[in-house]
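The values are calculated or read from the model by the stated rules, or taken from the named source; none is laboratory data. Predicted model, so just to flag it, every value in this text is computed and none were measured. When we count neighbours, we look across all protein chains shown, and the Cβ atoms used for this are built from the backbone with ideal geometry, even at glycine. When the accessible area is computed, the model is the full protein with side chains, heavy atoms only, and any ligands, DNA or RNA have been set aside. Shrake-Rupley method; radii C 1.70, N 1.55, O 1.52, S 1.80 Å.
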Amino acid sequence: MEEQPKVGPTGLGKMVLFLFVLACIAGAAYYFRDLLAPGGRGGGKQVNLDDFKKVEAPDTKGITTVSEYKYVPGEKLPPVKGVSAYKWDAQQKVVNFPINVWIGWLPIVAANGGFSPNPDSIFARKYGFKVNLKLIDDPVVARDAFAAGESHVLWGTLDMMVLFAPDLMKDSRSAPRIFQQVDWSSGGDGIVVRGSIASVADLKGKTIVYAQNSPSQYFINNLLLNAGVQPSSVKHKFTATAFEAAAAFVADKSIDACVSWAPDIYNIPEKVKGTRVLTTTAEANKLIADVWAARADFAKDHPEVIKGLVAGIFDGMDRLKDATQREKAYQWMAEGYGMQADEVRAMANDAHSTNFSENKAFFLNANDPANFERTWKNVTFVYRELGLLDTPIRFDEVMDFSALQDLDKAGTFAHQKDESRATFTPTSYKKMSAESPILTQTIRINFYPNSANVFEPQHDENGKAVANTLYDPSVAATLEKVARLVGQYERAIVAVVGHADSSMKGKGTRFEDVKQLSTDRAEAVKQALVKKYNFDPNKFTVEGKGWDEPANADDPMNQALNRRVEISVYPPEAK
Amino acid sequence: MTAASPAGGPPPARREPPAVSARAGLLRIREELPAWQFWLLGIIPVAVLLLAWMAVTHGVAEERVISPTILPSPAEVLASFPQLWFERELTRNIGVSFVRVLEGFALALAVSFPLGVLMGAFSKVKAAFAPLTMFSAYLPIPTLVPLTLSLFGTGEMQKVVFLALAFTIYLVPLFVAAVDAVDDTYLKTAYTLGATKGQAVSHVLLPISWPDIWQAMRMGFGVGWSYILLAEMVDMGRGLGGIILSSQRRGPREHIYLVLVFIVLVAFLTDRLWAVVGRWLFPYREAKR
């Protein structure tokens, strides 16, 4: 061996060479790190919270309470192309209608007389087709079955539809057409917190857990944005389902809050010490809408079946008015879900079924503060701010009120009156503010000095009002923002608190006058809301704080910040 | 191996070299393939699959055999690559998932290696643990997610432990089999030479079963990738499983298939690495054939 002349580097040389090459590769990798392992764009991005109100152009007219859409749905809905691609037996006529475990489906279960296609069902007897209700609890599976044409209908909340729609609409045949709202979640979804968290604002810097891309995500992030808390200032932990979120919250003491479903949200505070319910959809009772959508090709080929489905579900709601029928429906539902009737009965308060009149308000009334359009736009806004939605779909590309309009003309369900409106008794601010609000939203309306008119026009140099101008051009958008929040929290009570600046403090101005001005401003905001959106005046309590509470205690002379109105949402029991 | 009959071998009729039919024709048993054939034959099915994919996803959305809402076309999948790479941080997420698999594997090894070897060597240990390993092999592992959740929280720990659990269930029987396979002759020889129990394990059973143990580890490492989705179900957001889960809800569907391709790619590369290191560690194993 030793005699052999050595060629090439020595062992040490090889080592050095190897290290050198390694260092080169590492250096190159570091240099191109943004290309090799880019950091994405989401993460700690700051949301411009003022954008929350800029989702629509200002609209200063529309002071009436009901304004129905004038267009025909077919004009805005994307046309269906190609050959229909769903499974359909023209003899049997069975609609495959998947549902999840949710009490909101009770009307359709009642109408169908159980889950399986049934010749004695309302659908078969009155409308000439059968319905096959299938339990598909996993929304992804339900979506895939819908896309594949295995089922004709997709269950979901409106916020889920916002996320599903862009992908489903890549094929015009599987585009979702939403025809009916089945219910509002009303106590079924909620937020449970640990420790000293008393309102949404306290979640800043805390850790929350919830199911991603689900109503839970919409619920909590909508709240955060409304309370002026940057979603990026909260640590989000994601799970695949709401059940896991509840389990994670119970298991992991470092998590401060979870968003989940009934019964977990009510069981946790009973079983786990130091936890309480922050808010549920019992208060935010017009936030999460359960709907169903049909495949566009199916809806196009079988408008009479769609109409029958919509009508049959309303018939089911009529049927449930009868106590014995209701018991029967619980029994059928229990069989279909593989549960006990008692367990189904216990879910009865999770949702509020929306009858014909409430559907009309949701789909057709352009002025309803919690209608389809506003809910859809609000969801779109929240998900866009979170960076989860690239190319949103317009509400009128999925909303189809044609079946509702037909039923309206026929007057079939004229007897179903709006049952969702909460009634309020006047209450005092003092009593109310003893409780802590669920959330407080600060809005800024630029009032003309000494004026309490929210629609104050601009003034020329001589102090004369200029017609068709607004001192605060974004006032309508600001009110829209408030109206959405107040509309979502339909059952909650709301405090409107006005504040004035302290520019005249110590200059001979009486505090009573300033206090009156701030009260007048709060009252003006209330009146504007009541007038345009038809809210119950007793839902609001008005208070003026004068110059007593500067917006920022560390910067009390920031007068622009001080001239403000705060909207606080209180749980209904605060009165 | 030892089945040769003592009466002088099998009957002559069987001994005749098999007729030409066995060695000729398109398919020959244990034929030596030139490299080009090896690669070509491997590529054909992949190419066919790709062509079939293109065929069923060809044309306008409404005219395809399979709708793009179920299966996007290869071109669409490719087109969504930059978004996955740049906006959804593909490489970082691969890194996150890979580290999880690695940690889970290391944890599993720490448990299953001693257990497997002991079970392979000592019948009493084997008898004690055999029912447990039998039972766990049939366990639907997804049901363990909530359990690991309540025991290990929602953080990194839970994911690693969950993966370790899946690995362990897979690895233990393979390790036992590897040690089991060591021929008794070696043990007898060792005893004859005066080996103690410990020496028999460390100088006979282990060294001889090393290559099989290595092979078991190589096969087992892939298992982690099949459970990554379940492991990352809780506190998702980082990792490849998280990308798939959220793409199922909010799209784009393309990313699901793209991530699958990358998982296969990563699994393939790590498998090659296992093979190369194995060849370097146990050159004699290759020489067997």
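Along the range A:161-178 the Karplus relation, 6.51 cos²θ - 1.76 cosθ + 1.60 evaluated at θ = phi - 60°, assigns HN-Hα couplings of 5, 4, 7, 6, 4, x, 6, 5, 7, 5, 10, 4, 6, 9, 4, x, 10, 9 Hz to successive residues, with x for each Gly and Pro. Listed values for the range B:181-195 are Karplus-derived 3J(HN,Hα) couplings in whole Hz (6.51 cos²θ - 1.76 cosθ + 1.60, θ = phi - 60°), namely 6, 5, 5, 4, 3, 4, 4, 4, 4, 4, 4, 4, 7, x, 6, and x replaces Gly and Pro. Put a dot 7 Å past the Cα of B:ALA267, heading toward its Cβ, do the same for B:PHE86, and the two dots end up 3.0 nm apart. Label point of A:ARG384 set 7 angstrom out along Cα-Cβ; within the range A:151-187, amide nitrogens under 19 Å from it belong to A:158-169. Karplus-based coupling profile of the range A:412-419, in residue order and whole Hz: 4, 10, 4, 6, 7, 9, 4, 10, with θ = phi - 60° in 6.51 cos²θ - 1.76 cosθ + 1.60 and x standing for Gly or Pro.
Counting only residues at least eight positions apart within a chain, or on another chain, the lysines with an alpha carbon under 16 Å from that of A:LYS300 are A:LYS76, A:LYS81, A:LYS87, A:LYS93.
Chain A contacts chain B over a buried accessible area of about 3200 Å², both sides summed; the probe is 1.4 Å and only protein chains count. Taking the helices alone, chain B has a mean residue ellipticity at 222 nm of -21500 deg cm²/dmol, built from -39,500 (n - 2.57) per DSSP H run of at least 4 residues and averaged over all its residues. Assuming a ≥ b ≥ c are the square roots of the Cα gyration tensor eigenvalues, decide whether the range A:441-564 counts as rounded (a/c under 1.5), prolate (otherwise, with a/b larger than b/c) or oblate. The shape class here is oblate. Label positions at A:ASP548 and A:LYS204, each projected 7 Å from the Cα along the C-beta direction, are separated by 2.3 nm. Shielding of peptide A:169-180 by partners, expressed as the average count of other chain Cβ atoms within 10 Å per residue Cβ, is 3. Here the protein assembly as shown has 61 percent of its accessible surface on carbon and sulfur atoms, given a 1.4 Å probe and all protein chains in place. Quick one: which residues, 5+ away or cross-chain, put their amide H under 5 Å from the amide H of A:LEU278? H built at 1.01 Å from N. It is A:ILE191, A:VAL192, A:VAL193, by chain and number. Residue ranges A:394-401, A:209-216, A:350-357, A:298-305 sort as A:209-216, A:350-357, A:394-401, A:298-305 when ordered by packing (mean number of other C-beta atoms within 10 Å per residue, highest first). Only Cα pairs under 8 Å and 6+ residues apart enter the sum, and on that basis the relative contact order of the range B:186-289 stands at 22 percent. List the residues of the range A:248-294 whose accessible area drops by at least 10 Å² when all protein chains are present, compared with their chain alone, using a 1.4 Å probe and counting only protein heavy atoms. Hits at the 10 Å² cut-off: A:ALA248, A:ALA251, A:ASP252.
For A:ASP137, the amide hydrogen comes within under 5 Å of no other amide hydrogen, counting only partners 5 or more places away or on other chains and with H modelled in the peptide plane. Calculated FRET efficiency, A:ARG125 to A:PHE18, Cβ-Cβ distance, R0 = 60 Å: about 0.15 to the nearest 0.05. For the range A:113-186, relative contact order (Cα pairs under 8 Å, six or more residues apart, normalised by length) works out to 17 percent.
Within straight-line reach of B:LYS188, meaning a Cα separation under 25 Å, sit the following lysines at least 8 residues removed in sequence or on another chain: B:LYS124, B:LYS126, B:LYS197, B:LYS288. Taking accessible area as the heavy-atom solvent-accessible surface of the protein chains with a 1.4 Å probe, which residues of the range B:44-72 lose no less than 20 Å² upon going from the isolated chain to the full protein assembly? Those are B:ALA61, B:GLU62, B:SER67, B:PRO68, B:THR69, B:ILE70, which lose 20 Å² or more relative to the chain on its own.
Compared with the alpha-carbon gap, the fully stretched path from A:LYS321 to A:VAL101 is longer by 77.1 nm at 0.36 nm per residue.
Taking a straight line from the alpha carbon of A:LYS545, these aspartates and glutamates sit under 12 Å away, with near neighbours fewer than eight places off in the same chain left out: A:ASP501, A:GLU512, A:ASP513, A:ASP520, A:GLU566. Given their separation in residues at 0.36 nm each and the Cα-Cα distance between them, A:LYS505 and A:GLN458 gain 14.3 nm when the chain is fully extended. The distance between label points at A:VAL72 and B:ILE70 comes to 3.4 nm (points 7 Å beyond Cα on the Cα→Cβ vector).
Accessible surface area normalised per residue over chain A is 43 Å², counting heavy atoms of protein chains with a 1.4 Å rolling probe. The relative contact order of chain A, computed from alpha carbon pairs under 8 Å that lie at least 6 residues apart in sequence, is 18 percent.
Rounded to the nearest 0.05, the FRET efficiency derived from the C-beta distance between A:SER254 and B:ALA24 at R0 = 51 Å is 0.15.
Sorting the segments A:76-82, A:530-536, A:271-277 by their mean number of nearby beta carbons within 10 angstrom, highest to lowest, gives A:530-536, A:76-82, A:271-277. If you take all other residues with their beta carbon under 13 Å from the beta carbon of B:LEU240, and give Lys and Arg +1 and Asp and Glu -1, the sum is +3.
With the helix formula -39500 (n - 2.57) applied to DSSP H stretches of n ≥ 4, chain A reaches a computed 222 nm mean residue ellipticity of -10500 deg cm²/dmol.
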